[in-house]
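I have placed the structure first, in the form of structure tokens, so that the comments after it can refer back to it.
The values are calculated or read from the model by the stated rules, or taken from the named source; none is laboratory data. Keep in mind the model is a prediction, meaning the values are calculated, not measured. All Cβ positions, even for glycine, are placed from backbone atoms using ideal geometry, and neighbour counts span all protein chains on display. Note: accessible area is taken over every heavy atom of the protein model, side chains too, but ligands, DNA and RNA are not part of it. Shrake-Rupley method; radii C 1.70, N 1.55, O 1.52, S 1.80 Å.
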Amino acid sequence: DLIAKAFEYAHEADPNAILFYNDYNTENQTKREKIYTMLKRLKNSRVPIQGIGIQGHWNLDQSVEQVSKTIERFAPLGLQVQVTELDVSIYKDKSDPQTDLTPELEQKQADLYKELFKVFRDHKSAITAVTFWNVSDKHSWLDNFPTRDRKNYPLLFDRNLKPKRAYFGVVDF
């Protein structure tokens with residue numbers, strides 16, 4: 001009841017607010033199905049929920065196919081689907097050692113961003129927004145998570161606010 005009540009109380013506080021359930025690792029099939037079941041139950045119970053946020057905290061191993069399956073699974077619920085908090089870490093694991101953004105890593109990241117945005121465009125009837133989790137690599141929460149003081153380069157603009165290859169993979173489609 002806790003989640004349903006949270007949506008009901010939020011709706012009472014502001015009847016015009018658009019309310020989303022926002023979660024991470026939604027592309028994991030087991031978790032995706034649990035979220036789908038919960039959202040369907042909430043909708044069937046007429047709980048005031050208008051959308052699902054798919055947190056896009058991904059890395060270079062992210063399966064684009066699983067992202068697509070996640071969007072396809074949630075879209076029939078009639079909720080807005082948004083990709084939230086998008087960033088693509090160059091590290092695959094918390095134990096990966098510090099590295100610079102090599103041309104090879106930058107290209108892999110650019111390729112993944114391009115593939116992701118192809119999926120988003122392919123599902124444009126379901127996706128109402130894509131939001132990044134900052135603007136540039138100058139400051140990123142990933143510089144301290146999951147490993148403290150390990151510089152990460154997860155966004156479309158470098159530390160000097162210059163577009164990276166990933167930027168062009170997103171806009172030059």
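Per-structure values
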read-out: Contacts under 7 angstrom Cβ, first residue in the range 41-68 being within 16 Å of Leu142 (Cα to Cα), partner assigned to a loop (DSSP other than H, G, I, E, B) and open to solvent by less than 60 Å² (accessible area, probe 1.4 Å), 6 or more apart; value: Asn59/Tyr91; Leu60/Ile90
read-out: Candidate set: the range 61-89, residues that are of a type in the set (Gly, Ala, Ser) and either open to solvent by 70 Å² or more (accessible area, probe 1.4 Å) or part of a loop (DSSP other than H, G, I, E, B) (or both); chosen: the one farthest from Lys34 (Cα to Cα); value: Ser63
read-out: Pairs, first open to solvent by less than 40 Å² (accessible area, probe 1.4 Å) in the range 96-123, second aromatic (Phe, Trp, Tyr) and in a loop (DSSP other than H, G, I, E, B), C-beta under 8 Å, six or more apart; value: Leu105/Tyr153; Glu106/Tyr153; Gln109/Tyr153; Phe117/Phe173
read-out: Single match in Lys40, Lys92, Lys31 (criterion: among the basic types (Lys, Arg), closer than 20 Å to Lys114 by Cα and either in a helix (DSSP H, G or I) or open to solvent by 30 Å² or more (accessible area, probe 1.4 Å) (or both)); value: Lys92
read-out: Residue identified as in a helix (DSSP H, G or I), aromatic (Phe, Trp, Tyr) and at pLDDT 95 or above among Tyr9, Tyr21; value: Tyr9
read-out: Candidate set from the range 130-173 (those that are among the polar types (S, T, N, Q) and more than 18 Å from the chain's Cα centre (by Cα)); member that is most open to solvent (accessible area, probe 1.4 Å); value: Asn160
read-out: Sole exception among (1) open to solvent by less than 60 Å² (accessible area, probe 1.4 Å); (2) under 18 Å from the mean Cα position of the chain (by Cα) for Phe7, by number; value: (2)
read-out: Leu101 being among the aliphatic types (A, V, I, L, M), part of a loop (DSSP other than H, G, I, E, B) and out of contact with any Lys or Arg (no Cβ under 7 Å at 6 or more places or on another chain); value: yes
